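One structure below.
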Amino acid sequence: AQTVTQSQPEMSVQEAETVTLSCTYDTSESDYYLFWYKQPPSRQMILVIRQEAYKQQNATENRFSVNFQKAAKSFSLKISDSQLGDAAMYFCAYRAQGGSEKLVFGKGTKLTVNP
Amino acid sequence: DVKVTQSSRYLVKRTGEKVFLECVQDMDHENMFWYRQDPGLGLRLIYFSYDVKMKEKGDIPEGYSVSREKKERFSLILESASTNQTSMYLCASSLGVWSEKLFFGSGTQLSVL
């Protein structure tokens, strides 16, 4: 079974600085998707960024970028120029390309942004 | 924008009660999901549905059932609530087989006393 591991239960960063959240996963599949979701205090889960495993280029969405290392099964999220609104729980998630639609989530990392 | 609406934000029930959690999506999505979220455990899939009247067990279906009589509505049922079912429940939907993006509701915090 696929598993997703987030080894940092909590992280903090100063406003305007850069922070990296770690995620590793385990799968025997060759084609899959990886995601980072953000859950602010409002509890609404918001998709931050996604990566297709067949793409070598790392995904980027404005201040958010990933470092996808397929061989190492690593998928870290980098947040640049951190803002107070970035404070939230961040979940890494995996989904196989075919068959089941199930997302497998990590346990989450709570990010605090200090002014 | 897709809207996924969960009927209650907070709910308090007694042990042994039958509990219904309702979820409605307004974008004609085929797939709907129920997750529970617990501190330190992340999100765990309870049940999901690919179509009306179809359902499949997720990773932790014990103590739960679901109903999908209409495409837009997916209900989670706790037949006899227990204190270990105190949790945050999140509903989600997605468009189709190749859709990788889930849209989530705002969650229902259920307390079973």
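The values are calculated or read from the model by the stated rules, or taken from the named source; none is laboratory data. Quick caveat, the model's predicted, so the values are computed rather than measured. Don't worry about glycine lacking a Cβ; one is built from the backbone with ideal geometry, like all the others, and counts go over all protein chains shown.
Taking the residues in region A:8-35 that are modelled with pLDDT of 95 or more and of a type in the set (S, T, N, Q) as candidates, determine which candidate is farthest from residue A:72 (Cα to Cα).
For region A:8-35, the residue satisfying everything is A:14.
If you take the residues of region A:52-81 that are over 26 Å from residue A:16 (Cβ atoms) and touching a Phe, Trp or Tyr at 6+ places or on another chain (Cβ under 7 Å), which of them is nearest to the other protein chains (Cβ to nearest Cβ)?
A:52
What number of residues in region B:31-74 are under 11 Å from the mean Cα position of the chain (by Cα), among the β-branched types (Val, Ile, Thr) and either at positive phi or more than 14 Å from chain A (Cβ to nearest Cβ) (or both)?
Count: 1.
Looking at A:44, A:51, which one is free of Cβ contacts under 8 Å to residues at least 60 places away in the same chain and part of a strand (DSSP E or B)? Show your work before the answer.
Details: A:44 fails: part of a strand (DSSP E or B).
Only one candidate qualifies: A:51.
Counting just the residues of region A:9-54 that are β-branched (Val, Ile, Thr) and closer than 25 Å to residue B:9 by Cβ, which one comes out surrounded by the fewest Cβ atoms within 10 Å (Cβ to Cβ)?
Here is the first cut: in region A:9-54, the ones β-branched (Val, Ile, Thr) are A:13, A:18-20, A:24, A:27, A:46, A:48-49.
Add one more test, that the residue is closer than 25 Å to residue B:9 by Cβ, and what stays is A:46, A:48.
Numbers: A:46: 13, A:48: 20.
Here the answer is A:46.
Within region B:68-107, how many residues are under 14 Å from residue B:33 (Cβ atoms), assigned to a strand (DSSP E or B) and not hydrophobic (A, V, I, L, M, F, W, C)?
Number satisfying all stated conditions: 6.
Return the pairs, sorted by first residue and then second, in which the second residue is in a loop (DSSP other than H, G, I, E, B), the first residue lies in region A:64-78 and is touching a residue at least 60 places away in the same chain (Cβ under 8 Å), the beta carbons are less than 9 Å apart, and the residues are 6+ apart or on different chains.
A:78/A:18; A:78/A:63
Considering region A:9-24 alone, what residues qualify as being more than 13 Å from chain B (Cβ to nearest Cβ) and farther than 12 Å from residue A:64 by Cα?
Initial filter on region A:9-24 (more than 13 Å from chain B (Cβ to nearest Cβ)): A:11-22, A:24.
Once the filter is applied, which keeps residues that are more than 13 Å from chain B (Cβ to nearest Cβ) and farther than 12 Å from residue A:64 by Cα, region A:9-24 yields A:11, A:12, A:13, A:14, A:15, A:16, A:17, A:22, A:24.
Pick from region B:15-49 the residues that are assigned to a loop (DSSP other than H, G, I, E, B) and free of Cβ contacts under 8 Å to residues at least 40 places away in the same chain: which of them is surrounded by the fewest Cβ atoms within 10 Å (Cβ to Cβ)?
B:40
Are there any pairs with C-beta distances below 6 angstrom linking a residue in region B:68-90 that is without any contact (Cβ under 8 Å) to a residue 12 or more places away in the chain to a residue that is surrounded by fewer than 20 Cβ atoms within 10 Å (Cβ to Cβ) and part of a helix (DSSP H, G or I), with the two at least 6 apart or on different chains, and if so which?
none
Please identify the pairs in which a residue from region A:25-41 that is away from chain B (no Cβ under 12 Å) has its Cβ atom under 6 Å from the Cβ atom of a residue that is among the polar types (S, T, N, Q), counting only partners at least 6 apart or on another chain.
These pairs meet every condition: A:26/A:3; A:27/A:2.
For region A:74-97, give me the residue count where each residue is crowded, with 17+ Cβ neighbours inside 10 Å and either in a loop (DSSP other than H, G, I, E, B) or in contact with a Ser or Thr (Cβ under 6 Å, 6 or more places away or on another chain) (or both). Lay out the reasoning, then the answer.
Taking region A:74-97 as the starting set, the residues that turn out to be crowded, with 17+ Cβ neighbours inside 10 Å are A:75-77, A:79, A:82, A:86-96.
Cutting the leftovers down to either in a loop (DSSP other than H, G, I, E, B) or in contact with a Ser or Thr (Cβ under 6 Å, 6 or more places away or on another chain) (or both) gives us A:76, A:82, A:87, A:90.
The total comes to 4.
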